[in-house]
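The values are calculated or read from the model by the stated rules, or taken from the named source; none is laboratory data. Owing to the predicted nature of the structure, the values given are computational and were not obtained by experimental measurement. Methodologically, a virtual Cβ is constructed for each residue, glycine included, from the backbone with ideal geometry; neighbour enumeration extends over all protein chains shown. Each accessible area value is taken on the protein alone, full model and side chains, heavy atoms only, with ligands, DNA and RNA left out. Shrake-Rupley method; radii C 1.70, N 1.55, O 1.52, S 1.80 Å.
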Amino acid sequence: MTFFPPDPEIPELEETESSQPRWWQAPEDELPALLGISELLAATDHAAIALVGIAVHREGIELRVERRLRRNGLPRNEWNELCAVFMEHMSFGGPVDLAGRLRFGVLLADGSKVTDASPSFEGRDPMIEPAGYILSRWEQGGGGGGSTYSSADRLWLWPLPPAGPIELVMQWPALGIDETHLGIDVSKVAELATLARPYWR
């Protein structure tokens, strides 16, 4: 006999599967068709951002963005501060400057402007399908060391864009990157969307 009584049995809770609304992010159970593209969006002495591909799903497109940072001779303290800004964490001097943050947007062929600040539900239920286009940004984490750092973003544009060219727009004032526009030919998107298929039947 021990001093402590046996632990009570804790029943296992049945965990229910949840699915996110299709306008929030690219479906995880769907194999997209790929639109080959590789374009540099911006580069400075220390930072570079590129669009490295577009995954086309049945209901939207995912723009895949890669970010790179290089030390390029900076003293360690300045390098650490630059990494904090790059990863959009608190800087050593205080909170992140919101006006200087990384921002993305898309200009569609029909004149619609969509930013990664959408959706703005403004008190509406986010589970109810919104009207208009949505651009959601999903950071994919990152890592690096004493001389380089890298990260990636996935920009989910829902629903599929209208026929015609689109422009990917970005800016990152905190890293000295002004507003930049990249024209993209998405004329094949409607055709590619029919090739996307589920992983499981």
Kindly indicate whether residue 10 is more than 20 Å from residue 153 (Cβ to Cβ) and not in a strand (DSSP E or B).
-> yes
Between residues in segment 174-192 that are closer than 30 Å to residue 85 by Cα and residues that are outside any helix (DSSP H, G or I) and among the polar types (S, T, N, Q), which pairs lie under 8 Å by C-beta distance while being six or more apart or on different chains?
-> 175/44; 176/44; 177/44; 177/171; 178/171; 179/171; 180/171
Quick one: count up the residues across segment 148-164 that are assigned to a loop (DSSP other than H, G, I, E, B) and either buried (at least 17 other Cβ atoms within 10 Å of the Cβ) or modelled with pLDDT of 95 or more (or both).
-> 3
Among the residues of segment 60-83, how many are surrounded by fewer than 17 Cβ atoms within 10 Å (Cβ to Cβ) and assigned to a loop (DSSP other than H, G, I, E, B)?
-> 4
Test each condition in (1) of a type outside the set (Val, Ile, Thr); (2) in contact with a helix residue (DSSP H, G or I) (Cβ under 8 Å, 6 or more places away or on another chain); (3) open to solvent by 60 Å² or more (accessible area, probe 1.4 Å); (4) modelled with pLDDT of 90 or more for residue 172 and report the one that comes out false.
-> (3)
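Which residue, of 58, 68, 22, is closer than 22 Å to residue 134 by Cβ, at pLDDT 90 or above, of a type in the set (Lys, Arg) and within 24 Å of the chain's Cα centre (by Cα)? Steps first, please.
Details: 68 fails: closer than 22 Å to residue 134 by Cβ; 22 fails: at pLDDT 90 or above.
Testing whether each residue is closer than 22 Å to residue 134 by Cβ, at pLDDT 90 or above, of a type in the set (Lys, Arg) and within 24 Å of the chain's Cα centre (by Cα) leaves just 58.
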